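The values are calculated or read from the model by the stated rules, or taken from the named source; none is laboratory data. Nothing here was measured: the structure is a model prediction, and the numbers come from that model. Every residue, glycine among them, receives a Cβ derived from its backbone with ideal geometry; neighbour counts consider all protein chains shown.
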């Protein structure tokens, strides 16, 4: 069964497998190189960008981002992954956006929960003066980062007795 990069995370979870840097290295060392048709330009022993898989993963309820308008005033919106975060930022009330920007909540969540210091730095530079400008800058930064990370994520071929990670 061949899985696209957008389905890797979900399929791995459903198979109850965990791909770590050590398992990828182990697979790369023990598996014979696969022959490819000329012109495809893919590596024989690909390495998975583990950072991309970590940042694009879906978090549990405890690590999700919960949007608030003020202390003690939740909006009812939450995000368990970067795509969900982007969708919520597009629709959340300006008060919530400003509340979280002033407290550096977006930056902290992206860095601490998702482990993406690059995006966290960009979000930390977003000014909280005008809500719609801030919303646009946050959305642009997150969209660009998702695009960048998905370009480096893996495809996985699951066969009867092996897993082949393809970039």
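What residue, among those in the range 121-143 that are part of a helix (DSSP H, G or I) and over 16 Å from the mean Cα position of the chain (by Cα), is surrounded by the most Cβ atoms within 10 Å (Cβ to Cβ)? Full working, then the answer.
So the first thing to find is which residues in the range 121-143 are part of a helix (DSSP H, G or I), and the list is 121-124, 131-143.
Filter once more, so that each one left must be over 16 Å from the mean Cα position of the chain (by Cα): 124, 131-137.
Values: 124: 15, 131: 16, 132: 9, 133: 12, 134: 21, 135: 19, 136: 14, 137: 17.
So, considering only residues that are part of a helix (DSSP H, G or I) and over 16 Å from the mean Cα position of the chain (by Cα), the one surrounded by the most Cβ atoms within 10 Å (Cβ to Cβ) is 134.
Only one of these is surrounded by 14 or more Cβ atoms within 10 Å (Cβ to Cβ) and without any contact (Cβ under 8 Å) to a residue 40 or more places away in the chain: 118, 73. Name it.
Only one candidate qualifies: 118.
In this structure, is residue 6 assigned to a helix (DSSP H, G or I) and modelled with pLDDT under 50?
no
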